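The values are calculated or read from the model by the stated rules, or taken from the named source; none is laboratory data. Bear in mind that the values here come from a model prediction, so they are computed numbers and not experimental data. Heads up, the Cβs are rebuilt from the backbone with ideal geometry, glycines too, and the neighbour counts pull from every protein chain shown.
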Amino acid sequence: MPDKLPTTVIGSFPKPDYLPIRDWFDSARDRGTMNAPEVTQGYSAYSMSDSDEALFVRAAEEVIALQVDAGIDVPTDGEVRRENYIHYHCRHVTGFDFVDLEHRVLRDGAYETDLPAIRDDVSHDGAPYSPRDFKASQSVSRKPVKFTLPGPLTIMDTTADCHYHDRPRLARDLAATVNREILALVDAGCQFIQLDEPLFARQVEDAMEFGLEGIERCFHKVPSHVTRAVHICCGYPDHLDDEDYKKADPSSYHRLAGEMDGLAFDQVSIEDAHCCNDLALLDLFAAKQVIFGSVAVARSRIESIEEVMTRLRQALEHIDRDRLVVAPDCGLGMLTRELAIAKLKVMCAAAAEV
């Protein structure tokens, strides 16, 4: 029997109740919207103590153990420290205003909310935050922990530009801040680093014009022994089982695949469970490993092992076995803990049997 397909996760995981912060997924569960400004405002007012740090390490250990016990080979820390995966990074660089928020309509009208504003040049002159976060998580994991960061185009879409009014220049400055964190992660010993760029699927023209260059800037000088991944999904709804949500068009993957296949990173992560791609897409990735979304992250229905196995077998008709990695569509933070664990167990069981 061939070796089992490797498994990973994308980023977020339901946070333990004892943590001192709330996130966008809490807002989705409590209020039916992902984007309540109170989450941002509450985090801005939060001041971490030594006892809080102990809680974050405890949460990372707990979340990682749940993933590994389910069968995950490369877990994340569940992004337990973050109110969302984008703004956490922005809080550690200059140029962002988290006090006077700006109202914006985002992602092709999919939602609107109040966002932190860019009011000055963006730069990163302080100490990187990622080594501390990574080392704390890796210290409580027997598996290598993947670290995730937001990409420039996605940061731009989830903040309000009141200063640059020049998207390519802003993207370059943002990429420099991400690259600083990534190189610090490499120095800290991180072996798996993922850049999240879901906005590529919604803004293909921007992705082609300057977003792909942004990826290369983010991974500049990262050595080849580090696994570099780029995640592109089609978006979260406001609440679980919201089938009317305006997700990005998955045909964007086909438009981007050829260009992305030639870039200097190792893995591209795509959603499939929700959108059921035309699997000829996989033929377009001749060089990349593909992290293949195999369970839905915004539907409460738990997939069966058989249906996941069937889809993986179909995928293997289009890609070499050693280039297929199995994962959920995106982060699991919208689900309850019980649903997240159940879906991971199904997914990993299918990966082990195909």
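Points to keep in mind about this one:
- Flag: His103 matches the condition of being touching a strand residue (DSSP E or B) at 6+ places or on another chain (Cβ under 9 Å), assigned to a strand (DSSP E or B) and either free of Cβ contacts under 8 Å to residues at least 24 places away in the same chain or not hydrophobic (A, V, I, L, M, F, W, C) (or both).
- For the range 159-177, the candidate set comprises residues that are touching a Pro at 6+ places or on another chain (Cβ under 8 Å) and within 19 Å of Phe98 (Cα to Cα); within that set, the residue that is surrounded by the most Cβ atoms within 10 Å (Cβ to Cβ) is Leu174.
Quick grid of which residues meet (1) free of Cβ contacts under 8 Å to residues at least 24 places away in the same chain; (2) not in a helix (DSSP H, G or I):
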{"residue": "Thr310", "(1), (2)": "yes, no"}
{"residue": "Ile319", "(1), (2)": "no, yes"}
{"residue": "Val325", "(1), (2)": "no, yes"}
{"residue": "Gly331", "(1), (2)": "no, yes"}
{"residue": "Leu335", "(1), (2)": "no, yes"}
{"residue": "Glu338", "(1), (2)": "yes, no"}
{"residue": "Ala342", "(1), (2)": "no, no"}
{"residue": "Val346", "(1), (2)": "no, no"}
{"residue": "Ala351", "(1), (2)": "no, no"}
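- Any pair with Cβ under 8 angstrom, 6 or more apart, that starts in the range 277-291 at a residue that is more than 14 Å from Asp266 (Cβ to Cβ) and ends at one that is polar (S, T, N, Q) and not in a loop (DSSP other than H, G, I, E, B): Leu279/Gln314
- When Ala207 is tested against the conditions (1) part of a helix (DSSP H, G or I); (2) closer than 21 Å to Ser123 by Cα, the lone failure is (2).
- So Ala60, is it in a helix (DSSP H, G or I) and under 17 Å from the mean Cα position of the chain (by Cα): yes
- Tally, over the range 220-241, of residues that are more than 16 Å from the chain's Cα centre (by Cα), modelled with pLDDT under 95 and buried (at least 16 other Cβ atoms within 10 Å of the Cβ): 3
- Residue match in the range 252-267 (condition: basic (Lys, Arg), more than 30 Å from Arg22 (Cβ to Cβ) and more than 16 Å from the chain's Cα centre (by Cα)): yes
- Count of the range 188-209 residues which are in contact with a Lys or Arg (Cβ under 7 Å, 6 or more places away or on another chain) and over 17 Å from Val268 (Cβ atoms): 2
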